[in-house]
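K.L.:
Handing you a structure now.
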Amino acid sequence: MKIYKSIGNPSRPLRLFIGGLHGRECRTTKLLLEMLVKTRRPRSGSAVVIPCLYTGKYVSTLSFNYLNTKAFKRLLKIVEAFKPDVYVEVHCYKTSSYSSLTSPDRVNVKGIPPLLEVENGVLIGSISPILKAKLNLDTPILIETPCGKKENFKTALKILRVFLNANSTREALEALSFKFKARRV
């Protein structure tokens, strides 16, 4: 596991970006998050970017079984060590899963609200309620991009850069709302 630190000022707010929480996601998240590190530093505070938390057997973060994995144990140690002000998980999805990830019935079927498409198949939403409870984070965010689709990286990077420069998750979400809503009008 490779950890990058991007430091504008080694103080708060601290943003934590973690990719590759399960399965083969690292193939996509590593490339995307390494691009983030190479292209931008936070305007203030600091950022820790972990492009690939774990490669191994896929266990859904929506399953209580995830709490017994090496990936979760690593994640918990990282979150406890850094106590981030802004937390962003980066995942990738098979394009065949798009409709289940964005379905309004997802809350009834999986117990979590649907993800919203920001642009070009890049989705945003809340992390697993199981992880949210265990990690004790304030407004943790999940970004999903199609696996292996580099053409979606431009949009994903725009979103990640907003979180990189925001002082809080709320500030980032407001900026994203304005930025992407303004284009659609």
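K.L.:
Contour minus end-to-end for S60 and S126, with contour as 0.36 nm per residue of separation and end-to-end as the Cα-Cα distance?
P.N.:
Numbers: separation 66, 0.36 × 66 = 23.76 nm, distance 1.44 nm.
Between S60 and S126, full extension yields an extra 22.3 nm.
K.L.:
I've got another one for you. With 10 angstrom as the radius, rank F153, F82, F72 by how many other C-beta atoms surround their C-beta, starting from the fewest. Intermediate values should be presented prior to the final figure.
P.N.:
Values: F153 19, F82 16, F72 22.
Going from least to most buried by this count: F82, F153, F72.
K.L.:
For the chain, what is the mean residue ellipticity at 222 nm derived from helices alone (per DSSP H run of n ≥ 4: -39500 (n - 2.57); sum divided by total residues; nearest 500 deg cm²/dmol)?
P.N.:
For the chain, the value works out to -11500 deg cm²/dmol.
K.L.:
For segment 4-184, give me the percentage of DSSP beta bridges that are antiparallel, rounded to the nearest 5 percent. Please list the in-between numbers first.
P.N.:
Values: 11 of 27 bridges.
Antiparallel bridges make up about 40 percent of those DSSP assigns within segment 4-184.
K.L.:
I've got another one for you. Restricting to bridges with both residues inside segment 50-157, how much of the DSSP beta-bridge set is antiparallel, in percent to the nearest 5? Numbers along the way, then the final one.
P.N.:
On the way: 7 of 13 bridges.
Of the beta bridges lying entirely in segment 50-157, close to 55 percent run antiparallel.
K.L.:
Taking a temperature of 37 °C and a viscosity of 0.692 mPa s, what whole-number D in µm²/s does Stokes-Einstein yield for segment 105-171 with Rh from Kirkwood over alpha carbon pairs?
P.N.:
Details: Rh = 13.1 Å.
Value of D from the Cα-based Kirkwood radius: 250 µm²/s.
K.L.:
Give me the lysines in straight-line cross-link reach of K38: C-alpha distance below 22 Å, same-chain residues under 8 apart excluded.
P.N.:
Reachable lysines: K2, K5, K30, K149, K150, K154, K158.
K.L.:
How big is the dipole moment of the chain about its Cα centre under a simple scheme where the beta carbon of each Lys and Arg is +1, that of each Asp and Glu is -1, and everything else is neutral? Debye, nearest 20, please. Each step should come with its number before you reach the end.
P.N.:
Working: 32 positive and 13 negative charges, 111 e Å.
The dipole magnitude comes to about 540 debye.
K.L.:
If you don't mind, another one. Please say if segment 4-184 is rounded, prolate or oblate, where rounded means a/c under 1.5 for a ≥ b ≥ c the square roots of the C-alpha gyration tensor eigenvalues, and otherwise the choice is prolate for a/b larger than b/c and oblate otherwise?
P.N.:
On the way: a/c = 1.39, a/b = 1.11, b/c = 1.25.
Rounded.
K.L.:
Based on other C-beta atoms within 10 Å, arrange L53, L135 from fewest to most. Write out the running numbers ahead of the final one.
P.N.:
On the way: L53 22, L135 18.
The most exposed by this proxy come first: L135, L53.
K.L.:
Same structure again: Taking the Cα of E34, stepping 7 Å toward and past its beta carbon, and measuring to each backbone N in segment 70-100: which are under 20 Å?
P.N.:
It comes to 89-93, nothing else.
K.L.:
Further question on the same structure: Which of E80, E89, E119 comes first, and how do the rest follow, when ranked by fewest Cβ neighbours within 10 Å? All intermediate terms of the calculation are to be shown ahead of the outcome.
P.N.:
Details: E80 10, E89 24, E119 16.
Listed from fewest to most nearby Cβ atoms, that is E80, E119, E89.
Every read-out reported here was derived from the displayed coordinates using simple, explicitly stated rules and does not represent laboratory data. Treat the numbers as computed from the prediction; the structure is a model and nothing was measured. For neighbour counting, all protein chains shown are included, and Cβ atoms are generated from backbone atoms with ideal geometry for every residue, glycine included.
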